[in-house]
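These notes are about the structure you will find just below.
The values are calculated or read from the model by the stated rules, or taken from the named source; none is laboratory data. Note that the structure is predicted; figures quoted are calculated from it, not measured. We place every Cβ from the backbone using ideal geometry, glycine too, and count neighbours over all the protein chains shown. With ligands, DNA and RNA removed, areas are computed over all heavy atoms of the protein, side chains included. Shrake-Rupley method; radii C 1.70, N 1.55, O 1.52, S 1.80 Å.
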Amino acid sequence: MDAADAGADSFATRRTVDGTTYLQRLLSAGLLISTGVDGLYGRSEMFEDVVERVSDLIGDWGAEKEVEVIRFPPVMSRQVLEESGYWSNFPDQLGAVFSFHGDERRHQRLLKCLDKQEDWTEDVHPTKIVLTPVACYPVYPVMAARGRLPESGRLVDIFSYCCRHEPSSEPERMLMFRQREFVRMGTAAQVLAFREDWIEHAEAMMRLLQLPASIGVANDAFFGRGGKILADSQREQHLKFELLVPGINPYKVTACGSFNYHLDRFSSLWKIYTDSGEIAHTGCCGFGLERVALSLFKHHGLNTAHWPRGVRTVLWGNDHA
Ligand code: ZN
């Protein structure tokens with residue numbers, strides 16, 4: 001997925017008929033575990049099982065294809081992120097890793113500040129890593145370093161925890177969540193065909209999971225006044241489509257997946273060329289795994305044992321249905 005979906009309205013008090021919010025029900029069922037920080041949760045075994053099964057289901061799409069599986073840790077090079085333009089577009093969402101850089105004297109000062117509950121951050125500075133905001137960002141420079149793409153382009157299967165700093169009491173707006181995604185690099189035609197195929201496949205997958213879903217044109221939540229122009233242009237050019245599922249939030253649909261065509265934005269930035277030496281095009285199709293899980297628990301109930309047989313078969317196979 002590219003970045004945060006648009007529309008960050010906060011409805012902290014939305015409630016169901018029995019007076020509880022969906023988040024409260026998830027917490028009291030033990031599916032999510034509070035850490036005391038809005039948007040940061042532990043996951044129960046059952047929740048985790050669903051996330052893993054959904055991820056496997058998404059990954060099955062690549063089974064018969066020439067696909068390279070790459071996994072990165074949930075932090076990435078700060079320099080790569082700086083060069084990607086993320087600071088321009090989403091400065092408010094970024095999570096950076098800071099570390100202490102002082103000597104013993106400064107360390108004593110830091111401890112005293114902590115004791116007195118005063119500002120202790122003077123000797124704490126940014127490191128070379130930031131939390132990965134978008135699962136596919138680390139992939140592009142790696143692919144560029146390999147030289148020209150093969151004639152068939154490249155297809156990469158990625159999975160990562162991602163961080164978006166948008167604390168919220170809406171369960172679908174987590175600070176740390178996972179994306180399972182496929183990235184395509186090649187000619188414009190190859191990338192567009194990949195995206196078409198994924199949109200159809202995602203709709204079929206939602207039918208199998210018995211989730212109501214639709215596909216809509218979308219834009220990223222670019223920051224600031226200039227961001228509005230970027231967002232309008234993205235919509236006009238149909239660069240981003242989202243898989244929208246109702247139910248998690250009573251006031252709006254939730255984007256559980258996105259299908260992005262980057263034109264040559266990342267290829268120009270990182271110098272990715274096709275086998276004939278043209279600048280390549282790229283695209284990515286990915287899912288927010290927690291959001292798909294939250295949709296399943298919302299529509300089929302908080303205990304997977306009671307989910308419809310068809311849905312259980314899709315996720316766990318016949319033996320456990
Ligand atoms: Zn992506």
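A few points about this structure:
- The packing ranking of peptides 236-246, 71-81, highest mean first, is 236-246, 71-81, where packing means the average number of other beta carbon atoms within 10 angstrom of each residue.
- Förster radius 51 Å - calculated FRET efficiency between ARG105 and SER169 (Cβ-Cβ, nearest 0.05): 0.75
- When the chain is described by a simple charge dipole with +1 on each Lys and Arg Cβ and -1 on each Asp and Glu Cβ, the residue from GLY147, GLY224, SER276 located farthest towards its positive end is GLY224.
- Rg to Rh quotient for the range 29-80, alpha carbon positions, Kirkwood Rh: 1.11
- Stokes-Einstein, applied to the Kirkwood radius of the range 30-137 over Cα pairs at a viscosity of 1.567 mPa s and 4 °C, places its translational diffusion at 73 µm² s⁻¹.
- Rounded to 5, percent antiparallel among DSSP beta bridges of the chain: 90 percent
- Listed peptides 40-51, 280-291 by packing density, highest first (mean Cβ within 10 Å): 280-291, 40-51
- Taking the inverse of the mean 1/r over every pair of distinct Cα atoms in the range 173-321 gives a Kirkwood hydrodynamic radius of 17.0 Å.
- Solvent-accessible area assigned to carbon and sulfur over the chain amounts to 53 percent, based on a 1.4 Å probe.
- Scaled against 2.2 N^0.38 Å for its residue count N, the alpha carbon radius of gyration of the chain is 1.06.
- If you count Lys pairs in the chain whose Cα atoms are under 24 Å apart, skipping same-chain pairs closer than 8 places in sequence, the total is 7.
- For the chain, size of Cβ-based charge dipole, Lys and Arg +1, Asp and Glu -1, in debye: 380 debye
- A cut-off under 12 angstrom between Cβ atoms defines the neighbours of MET143, and their net charge, with Lys, Arg +1 and Asp, Glu -1, is +4.
- Average accessible area per residue (Å²) across the chain - probe 1.4 Å, nucleic acids and ligands excluded: 47 Å²
- Geometric descriptor of the range 105-241, per residue, is 202 Å³ (volume of the convex hull of the Cα atoms).
- Sorted peptide list for 137-149, 298-310, 166-178, criterion being average Cβ within 10 angstrom, highest first: 166-178, 137-149, 298-310
- Whole-Å distance, taken between Cα centres, linking the range 15-79 and the range 247-321: 12 Å
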